[in-house]
1. Counting only DSSP beta bridges with both residues in the range 146-244, what percent are antiparallel, rounded to the nearest 5?
2. Once you order the gyration tensor axes a ≥ b ≥ c over the Cα atoms, which shape class does the range 134-226 get: rounded for a/c under 1.5, otherwise prolate or oblate by comparing a/b with b/c?
3. Quick check: net charge around GLY141, other residues with Cβ under 12 Å of its Cβ, Lys/Arg +1 and Asp/Glu -1?
4. Multiply the residue separation of ALA180 and ALA270 by 0.36 nm, subtract the distance between their alpha-carbon atoms, and state the gained length in nm to one decimal.
5. Please tell me which of these pairs span more than 27 angstrom C-alpha to C-alpha: LYS178/LYS216; LYS87/LYS227; LYS216/LYS282; LYS127/LYS210?
6. Hey, what's the per residue convex hull volume over the C-alpha atoms of the range 164-214, in cubic angstrom?
7. How far apart, in nm, are the 7 Å Cα→Cβ label points at GLN37 and HIS79?
8. Too long at a 29 Å Cα-Cα cut-off: which of LYS134/LYS197; LYS224/LYS271; LYS102/LYS271; LYS125/LYS267?
Amino acid sequence: MHLVNGEHDSELLQAQAHVWNHIFSFINSMSLKCAIQLGIPDAIHYHGKPMTLNQLITALPVHPSKTLFVYRLMRILTHSGFFTLQKAHGKKFWEYAEKEPKVNHLFNEAMASDARLVTGVVIDKCKHVFKGLKSLIDVGGGTGTVAKAIAKAFPNLECTVYDLPHVVADMQSHDNLKYAGGNMFEAVPSADAVLLKWILHDWSDEECVKILKKCKEAITSNGKMGKVIIIDMLVEKKEGNDESTETQLYFDMLMMVLVTGKERDEKEWAKLFLEAGFTRYKINPILGLRSLIEVYP
């Protein structure tokens, strides 16, 4: 009799993994015992700050032929929560970029390159999104690649790039394109619309809600009822499109390691909008892995 068939094989494989986890759960305690016997907690404590793997190996009484096993031991111990990983530079990506001009320049150039591709599609296929708007704030707009294109395509639309002071310090305003320095967690300038291109995936749910609340204040001040325009990933499983899903999952891991953010599915996006005080949203999946989402108060 065959236990596995087309309908139940997935469930049985999941059940098998669940049983294995219970069978091998003793490995967690044995791994911890091994770490204590090797003196790993003491070595990190005496070091006085987080250690690299090479530093840890040097401090341990481990034969050279066994050094490769230390990585595998630490991998399961961090997964189990006995130890934690910390970013190599000891600070968040944004803090590091602010102090390192080369990193800041490379990041801005990368975002500008992506912006040129995305903006061309948005302007070509979504002109209606900007119809009737008199003012737009591009929050986290960097050096203004997106805002420049929008300002050129819509001469009657006043576009303002709003980013950290060190990002826009050397940028010059002209015609219907302006630059303003500030912090999106503290305030967002008033406008008919606020654009957030690939911003929110960098931040945690709590941080996103704070940003969205400031955006809501900006588009509802002085009796306005504007909108927030979001360009970001919308994680969804599409039949026969495993490669795109894989790319989105790669980005999710990147957000987890570098910053505090993540990639979100529609339910997760909707939850953020609701918590920030918005009432409805509209999704336009025109940007490959990303979508354009219009959010309304």
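1. Working: 1 of 11 bridges.
That works out to approximately 10 percent antiparallel.
2. On the way: a/c = 1.82, a/b = 1.24, b/c = 1.46.
Oblate is the answer for the range 134-226, as a/c is 1.5 or above yet b/c matches or exceeds a/b.
3. Working: positive: LYS148, LYS178, LYS197; negative: ASP138, ASP163.
Spelling it out: positives minus negatives among the neighbours equals +1.
4. That works out to 29.4 nm of additional length.
5. Details: LYS178/LYS216 21 Å; LYS87/LYS227 36 Å; LYS216/LYS282 16 Å; LYS127/LYS210 29 Å.
Violating the 27 Å Cα-Cα cut-off are LYS87/LYS227; LYS127/LYS210.
6. Details: hull volume 4.7 nm³, N = 51.
Output value, Cα hull per residue: 93 Å³.
7. Here the answer is 2.1 nm between the modelled labels.
8. Details: LYS134/LYS197 19 Å; LYS224/LYS271 24 Å; LYS102/LYS271 37 Å; LYS125/LYS267 25 Å.
As for pairs spanning more than 29 Å Cα to Cα, those are LYS102/LYS271.
Every number in this text was worked out from the coordinates using simple rules, so none of it is lab data. Keep in mind that this is a model prediction, so the values were computed, not measured. Neighbour counts are summed over all protein chains in view; Cβ atoms, including those assigned to glycine, are modelled from backbone coordinates with ideal geometry.
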